[in-house]
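The structure appears below as structure tokens.
The values are calculated or read from the model by the stated rules, or taken from the named source; none is laboratory data. Not measured: the values here are computed from a predicted model. Ideal geometry is used to build each Cβ from the backbone, glycine not excepted, and the neighbour counts take in all protein chains shown. Areas reflect the complete protein model, heavy atoms only, side chains present, ligands, DNA and RNA absent. Shrake-Rupley method; radii C 1.70, N 1.55, O 1.52, S 1.80 Å.
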Amino acid sequence: MPQAYVDHPEYGYDRDFRGYGEAGLPDLKWPKDAKIAVSFVINYEEGGERSVMSGDGQSETNLRENPAGPPRINERNYNTESEFEYGSRAGFWRLFRMFNKYDMRFTLYAVAQAVEQVPEVVKRCVEEGHDVASHAYRWVEYHDFSIEKEREWIKKAVTSLKALSGYAPKGWYYGRNSPHSRTLIPQVYEEMGEELVWASDTYADDIPYWIDRADEKEKPNAKGCLMVPYSYDCNDFKFHVVGSGFRDPNGFHTHLRNAFDTLYEEGEEGNRKMMTIGLHCRIIGRPGRFKALQDFVDYISKKEGVWVATRTEIAEAFREQYPYQKGYLAKAK
């Protein structure tokens, strides 16, 4: 283990290559005896990206339609800004209307500074029963933040989202986390007297699993942290990944449908899983791509035994069957 984690073991976590193993977790049950749990996630980042106006000294270059060229330094890039604004002005509401039409609940990965610009986004999500989770305070890299600075930004995100939604976010996903984040997030929640139900900075499985927190090794009342895995493969960000991404909407739709059919079949055989679909307002919210998502949503809406749920609902269903027990990914009550 690197020296930094020898000196500060509260931030060091062992790797787990085995997971649930060959048998999986055959006793897992979803509500209404569903064969599969499906989690739609909308990443709301518009207004939280890098910007000279936010003091970053440069424009954003990640996940853009036109990624060519270096960032503008100490200068605004109006084209980039307007591309992100499409997501908040048009893309989000197109997704919002569709999920409401199908009576499906999604999880909003809300960048706090972004939703501060359009607070009605959070208000309407709460009114319609969608889940507001934290996607950090800003959509920036956190790996080079000091521990003290990251701790303060976690507090800022929780405080901001609670003021907008009426509750502290039950779940957290960075995407650009630091080596300290896995410990810091639940620590800050506890300091604030709030409950962290789940975290999603992991891609390691098809179902949730518990981890022992590195800072709780000597604590008799350890709480652990429930990890609800996220997905990079069933994710529209790959439209903007050169060489290894989706070349057209049909490829995206085919990939989603193949993933769903595989997991659904495993569920029929008694080994129930969850499927996560990652979405971005400015990417899948564009009409040419949106139709592929809409067709997939319509496809699964006609299947029996499909539970479309928020990540908090999935986490709570899992915790009810498998409460935390130190040293176990999942152990029945």
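Specify which residue in the list Val306, Met274, Pro249 is farthest towards the positive end of the charge dipole of the range 247-310, using unit charges on the beta carbon of Lys, Arg (+1) and Asp, Glu (-1), about the Cα centre.
With unit charges placed on the Cβ atoms, the residue in question is Pro249.
I'd like the accessible area for Ile73: 1.4 Å probe, protein heavy atoms, all chains in place, Å² to the nearest 10.
100
Summing -39500 (n - 2.57) over the DSSP H runs of n ≥ 4 in the chain and dividing by its residue number, what mean residue ellipticity at 222 nm do you reach, to the nearest 500 deg cm²/dmol?
Computed ellipticity for the chain at 222 nm equals -10500 deg cm²/dmol.
Which far-off residues, 5 or more places away or on another chain, put their amide H under 5 Å from the one on Lys35, with H placed in the peptide plane?
Distant-sequence amide H within range of Lys35: Val306, Trp307.
Ranked from the most accessible area to the least, with a 1.4 Å probe and all protein chains present, what is the order of Ile147, Ile154? Can you show the working numbers first?
Numbers: Ile147 45, Ile154 0 Å².
From most accessible down to least: Ile147, Ile154.
Mind running the shape call on the range 63-129? Use the C-alpha gyration tensor, a ≥ b ≥ c as the square roots of the eigenvalues: rounded below 1.5 for a/c, prolate if a/b tops b/c, oblate otherwise.
Since a/c reaches 1.5 and a/b is larger than b/c, the shape of the range 63-129 is classed as prolate.
Provide the solvent-accessible area of Met104, counting protein heavy atoms only and rolling a 1.4 Å probe, rounded to the nearest 10 Å².
Around 10 Å² of this residue is reachable by solvent.
Under the classification rounded if a/c is under 1.5, otherwise prolate if a/b is larger than b/c and oblate if not, where does the range 208-284 fall, given a ≥ b ≥ c as square roots of the Cα gyration tensor eigenvalues?
Verdict is oblate for the range 208-284.
Among the GluC sites (Glu not before Pro) within the range 57-92, which fall in a DSSP loop and have no more than 13 other Cβ atoms within 10 Å of their own Cβ?
Here the GluC sites (Glu not before Pro) that fit, given the DSSP loop and packing criteria, are Glu65, Glu75.
Starting at the first residue of the range 61-67, write each ³J(HN,Hα) from the Karplus equation 6.51 cos²θ - 1.76 cosθ + 1.60 with θ = phi - 60°, in whole Hz, x for Gly and Pro.
Residue by residue, the range 61-67 yields 10, 7, 6, 10, 5, 10, x Hz.
Can you tell me how the range 41-169 classifies by the Cα gyration tensor, rounded, prolate or oblate, using a/c under 1.5 as the rounded cut?
oblate
Whenever you get a sec, line up Asp212, Asp27 from highest to lowest accessible area (probe 1.4 Å, protein heavy atoms).
Final ranking, largest accessible area leading: Asp27, Asp212.
Taking the Cα centre of the chain as origin, sum charge times position over the Cβ atoms of Lys and Arg (+1) and Asp and Glu (-1), and report the length of that vector in debye to the nearest 20.
560
Considering only Gly267, Gly129, Gly48, give the residue with the highest GNM mean-square fluctuation for the chain, with springs between Cα atoms whenever their separation is below 10 Å.
Among Gly267, Gly129, Gly48, the largest mean-square fluctuation in the Gaussian network model of the chain belongs to Gly129.
List every residue whose amide H lies under 5 Å from the amide H of Asn235, counting only residues 5 or more places away in sequence or on a different chain, with H placed 1.01 Å from N in the peptide plane.
Gly278
Would you work out which of Ile283, Asn235, Thr262 lies farthest towards the positive end of the dipole of the range 184-309, given +1 charges on the beta-carbon of Lys and Arg and -1 on that of Asp and Glu, about the Cα centre?
Positive-end residue among those listed: Ile283.
Just flag the trypsin sites (Lys or Arg not before Pro) in the range 190-275 sitting in loop per DSSP whose Cβ has no more than 13 other Cβ atoms within 10 Å.
Lys217, Arg247
Answer with a single label: of (1) 62; (2) 58; (3) 52, which was calculated as percent of Cα pairs over 25 Å apart from the structure in view?
It is the one labelled (3).
Measure out, as a whole number of angstrom, how far apart the alpha-carbon centroids of the range 38-97 and the range 245-300 sit.
About 23 Å separates the Cα centre of the range 38-97 from the one of the range 245-300.
Which trypsin sites (Lys or Arg not before Pro) from the range 64-144 combine a DSSP loop assignment with at most 14 other Cβ atoms within 10 Å? Walk me through the numbers before you get to the answer.
Numbers: sites: Arg64, Arg72, Arg76, Arg89, Arg94, Arg97, Lys101, Arg105, Lys123, Arg124, Arg138; in loops: Arg64, Arg72, Arg76, Arg105, Arg138.
Those satisfying the criteria are Arg76.
Out of the DSSP beta bridges found with both residues in the chain, what percent are antiparallel (nearest 5)?
Percentage antiparallel, nearest 5: 15.
Leaving out ligands, DNA and RNA but keeping every protein chain, what accessible area does Tyr230 have, in Å² rounded to the nearest 10, with a 1.4 Å probe?
Here the accessible area works out near 10 Å².
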